[in-house]
1. If the requirement is being within 21 Å of the chain's Cα centre (by Cα), in contact (Cβ under 8 Å) with a residue 12 or more places away in the chain and assigned by TED's automatic domain parsing to the domain that holds residue 148, which of these qualifies: 203, 181?
2. Output the number of the condition that residue 66 fails; it satisfies all remaining conditions of (1) assigned to a helix (DSSP H, G or I); (2) over 19 Å from the mean Cα position of the chain (by Cα); (3) buried (at least 19 other Cβ atoms within 10 Å of the Cβ).
3. Show the residue pairs meeting these rules: Cβ distance below 7 Å; 6+ apart or different chains; first residue within the stretch 314-335 and assigned by TED's automatic domain parsing to the domain that holds residue 279 and in contact (Cβ under 8 Å) with a residue 12 or more places away in the chain; second residue surrounded by 10 or more Cβ atoms within 10 Å (Cβ to Cβ) and assigned to a loop (DSSP other than H, G, I, E, B).
4. Those residues that are free of Cβ contacts under 8 Å to residues at least 12 places away in the same chain and closer than 26 Å to residue 18 by Cα, I need them from the stretch 30-72; list them, please.
5. When both residues are 6+ apart or on different chains and their Cβ atoms are under 6 Å apart, which pairs have a first residue that lies in the stretch 134-149 and is in contact (Cβ under 8 Å) with a residue 24 or more places away in the chain, and a second that is outside any loop (DSSP other than H, G, I, E, B) and surrounded by fewer than 19 Cβ atoms within 10 Å (Cβ to Cβ)?
6. Take the stretch 191-215 and flag every residue that is closer than 17 Å to residue 28 by Cα and in contact with a helix residue (DSSP H, G or I) (Cβ under 7 Å, 6 or more places away or on another chain).
7. Just to check your reading of the model, which residue among 281, 293 is farther than 19 Å from residue 35 by Cα, modelled with pLDDT of 95 or more and touching a strand residue (DSSP E or B) at 6+ places or on another chain (Cβ under 8 Å)?
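The values are calculated or read from the model by the stated rules, or taken from the named source; none is laboratory data. Owing to the predicted nature of the structure, the values given are computational and were not obtained by experimental measurement. No Cβ is skipped: glycine too gets one built from the backbone with ideal geometry, and neighbour counts run over all protein chains shown.
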């Protein structure tokens, strides 16, 4: 896999930029990522997500319209530790960069526009809460991380959303949106002259919009009660979830991203539809559809979530926990080794495909820039890793892991 040419620059304010050269692409991607998300310290849960919404509001109206006027798409998202704003267009490179910096750097929070936004976000939260899997996911996140921001929905709660004001938004913005806490990324087919223009424009705009700050927050590592819950459900959804709270990835591997990848491979090798275990569970009528498995790392904690559907969720939860904690016998080790080699090839193929997906590549590189990760270096390490080293790392990553669960039980069901 040939990595693209990346031009990196760090400005005097510690604001950083990356220009990823992707020849023969018609579209161009521009983004600003902020090292601040829903799980980070904030007075009111959901403030990071609320900020993401309200930064689109300017004195002249919604800035999205100005992107659309020049034929560009603009969007944003909030994750546990990051907020990202980005746009995609074909022409008007300099203008798109200017609009993107105005979007992120020019805040306009008023009592009126904040009040107007509250029912919109509360409706978004209510929509998620009406989904059966939301209550299961919410229960296991709270069980792992309590009432901390990591244990609460990215959007916050109905109460915290109601309490947000223009003042609290301004305070949160000024505390977290500063030069050294942000990265700019451009990805596309840029000429030498366009690269020069982008660098000069970014330098001017980061000076205009962002101050530097020595803001250093102590990161907490919240712990929940790790209990398991039976939730009342309507109908026969049979949805269940498992939460696995892990030790800090950094205690095992220098790269959290690589640790995430190894655990994803491990989960596939033990619980996917291609395993003998899955076939056994299917024969016992405990499972019929694939499990949804995710490995996550955040500043506040590292964890795995597993979701599925079962006619006997309680029994299947125990089977999954047993499968993840057991020592593999000789035949199982041989199978796991084969899966590991297959997954390495699949990872390489997916990584190669990602190079042709401009948005995916740019967002991935921006996120890794914040985390001081190296997508391409990790790929090389994975490809040369032996099965024994992989198994040893996974064992250490899962060592002392704590399990919790939740499942829906129809009202009146025994």
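1. 181
2. (3)
3. 315/286; 316/286; 316/287; 316/310; 319/286
4. Correct list: 64, 68.
5. 135/231; 139/229
6. Of everything in the stretch 191-215, those that are closer than 17 Å to residue 28 by Cα and in contact with a helix residue (DSSP H, G or I) (Cβ under 7 Å, 6 or more places away or on another chain) turn out to be 194, 197, 198, 201, 202.
7. 293
Residue-wise test of (1) part of a strand (DSSP E or B); (2) more than 22 Å from residue 199 (Cβ to Cβ); (3) in the same structural domain as residue 169 (by TED's automatic domain parsing).
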| position | (1), (2), (3) |
| --- | --- |
| 50 | no, yes, yes |
| 53 | no, yes, yes |
| 75 | yes, yes, yes |
| 80 | no, yes, yes |
| 86 | yes, no, yes |
| 91 | no, no, yes |
| 96 | no, no, yes |
| 99 | no, no, yes |
| 104 | no, no, yes |
